[in-house]
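K.L.:
Next up is a structure, given as structure tokens.
Each value in this text was obtained by applying a stated rule to the coordinates, not by laboratory testing. In this text, all values refer to a predicted model and were calculated from it rather than measured experimentally. Counting neighbours? That spans all protein chains shown, and the Cβs are built from the backbone with ideal geometry, glycine included.
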Amino acid sequence: MDSLNKNSSFKTKPKWLKSTLPSAEVYSKMKSALSAGCLHTICESGKCPNIGECWAAGAATFMILGNTCTRNCRFCAVYHTKPLPPDMEEPDNLAATVKHFKLKHCVITSVTRDDLQDEGAEHWAKCINAVRALNKSVTIEILVPDFHAKKELIQIVADAKPDIFSHNIETVRRLTPKIRSGARFDRSLEVLRIAFAMGMRVKSGIMVGLGETMEEIFETLKEIRDTSADIITVGQYLQPGNDNTQVEKYYSPEEFELIRAEALRLGFRHAECGPLVRSSYHSSEALM
């Protein structure tokens, strides 16, 4: 591990970071259904390493409000050009796709839409309501942007009653200005507090390997827990493209176990921590 420092090229990943690509049959099946509904997934857009495992299990994290973001975070692979107007047919298409795959648990995320007056809140609510109207027993987890911590916008989403409300802190306080475009560490914490005050079950997540210390990780976990969020994910940052921030360190599975133990000590009810963990990885288990 000591040889893996910030001067390394990181072209050779540790063995514990190897993942499986979806089979041609699974990929074709998922792509056909997504294309039919004009839908996107963060699995593809975010270059998730778990796409093989999740798609083989019939799970995907749907990304609404388009495939381009108004922010340009240094860790993210999603495009950041000027977005198109929201697709008014997307809520019904999303609901139909969830029904097609007979999903029991649906995870929805979105790009950030600072260009919209309500930052996409009404569209979020329409998508949640449409999915539940057509899929009576489905549970829904949402992973939302910060809505600039505007209570009235978060309330619109809360009124649709998602089962889990998630907003990621992404990184430690010191690295936030460098890593997250247009975001504020304390503003993201406030989003979590507002969501909890509105009666929602709250979740957050961070990446490691961006140059933070273990002490900073533990402090970030504490600050997240202090908002009353009780579900946390911690995963290894992997550089998705040449224009993104480089990996500073690969954390070992043993180090992730230390992080998980600290999260549980702080009072998180569910902590998913590991090299390949992403925000929605095994997300339905948090409802058990």
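K.L.:
Between Asn129 and Asp226, with labels modelled 7 Å along Cα→Cβ, what's the label distance in nm to one decimal, could you check?
P.N.:
With each label point 7 Å from Cα toward Cβ, the separation is 3.7 nm.
K.L.:
Using a 7 Å offset from the Cα along the Cα-to-Cβ direction at both Glu122 and Lys178, what is the distance between the two label points in nm, to one decimal?
P.N.:
4.1 nm
K.L.:
Then there's this: Sum up the charges of everything whose Cβ sits under 10 Å from the Cβ of Met207, counting Lys and Arg as +1 and Asp and Glu as -1, but leave Met207 out.
P.N.:
Local charge sum for Met207: -1.
K.L.:
Something else: Specify whether the C-alpha gyration tensor of the stretch 113-265 places it in the rounded, prolate or oblate class, a ≥ b ≥ c being the square roots of the eigenvalues: rounded for a/c under 1.5, otherwise prolate if a/b is larger than b/c and oblate if not.
P.N.:
prolate
K.L.:
Ranking request for peptides 169-175, 243-249: highest mean number of other beta-carbon atoms within 10 Å first, then the rest in descending order.
P.N.:
169-175, 243-249
K.L.:
Between Glu152 and Asp92, what is the label-point separation in nm under the 7 Å Cα-to-beta-carbon projection?
P.N.:
3.0 nm
K.L.:
Which links in Lys102/Lys161; Lys13/Lys222; Lys82/Lys126; Lys15/Lys104; Lys15/Lys102 stretch past 28 Å when you go from one Cα to the other?
P.N.:
Over 28 Å apart, Cα to Cα: Lys13/Lys222; Lys15/Lys104; Lys15/Lys102.
K.L.:
I need the peptides 142-152, 225-235 ranked by packing, meaning the mean over residues of other C-beta atoms within 10 angstrom, with the highest value on top.
P.N.:
225-235, 142-152
K.L.:
Sort the following peptides by mean Cβ neighbour count (other Cβ atoms within 10 Å, averaged over residues), highest first: 133-139, 261-267.
P.N.:
Highest mean packing first, the order is 261-267, 133-139.
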